[in-house]
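**Q** Sharing a structure, written as structure tokens. Questions coming.
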Amino acid sequence: MGTIKSGFFANRPSDIPWPFAPFVFVTEETTEADLRRYLRDLRECGFDCLRFGGEGGCGVRYLGEDRYDFSQLDLIFDLAEEAGLRIIPNLRVGYADWMSGPPHLVHRDSYLLDDEYHRLIDKYVAAAAGRYRHRPCLLAYEGVGEP
């Protein structure tokens, strides 16, 4: 392949890593051993960052109004720092079954148009972003799927 001579990458120093990050999908079944293996494999493949997310956000469980279980996300941040990786958490949350019950009553068919859905998501994103904004491994936040 030839060298790019013009455009955005024309003057990019060769020692600066490319801002490319593979995606790691996290579920409630993902164990600490799984995460350690994924991160080790990424480092061995030459990556210096990763994106991650999962159903209902990036491993954060909703426990009730303004209450979240961040334990899995805390673990991901800790392991990424331990492995020397930068991370881009996906803070997008789609519809979740718990939203349909009282007191929220968000309907699956129209949740993107529902003010209650947006209120819940705004609170979650604010809580997660506030919790992790000073972590040294944080590279950026991903808000909606693919960049």
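**Q** Considering the dipole of the range 38-117 built from charges on the beta carbon (Lys and Arg +1, Asp and Glu -1) around the Cα centre, which of Gly64, Leu79, Leu105 is farthest to its positive end?
**A** Leu79
**Q** At a Förster distance of 35 Å, what's the computed FRET efficiency of Trp98 paired with Glu44, Cβ-Cβ distance as r, to 0.05?
**A** Between Trp98 and Glu44 the formula returns 0.40.
**Q** Now for a separate question. Of the listed peptides 80-93, 129-142, what is their order by residue-averaged count of other C-beta atoms within 10 Å, with the highest listed first?
**A** Working: 80-93: 19.4, 129-142: 14.2.
Going from most to least packed, we get 80-93, 129-142.
None of the figures in this text is laboratory data; all of them are computed from the coordinates on show. These figures come from a predicted structure and were not determined experimentally. Heads up, the Cβs are rebuilt from the backbone with ideal geometry, glycines too, and the neighbour counts pull from every protein chain shown.
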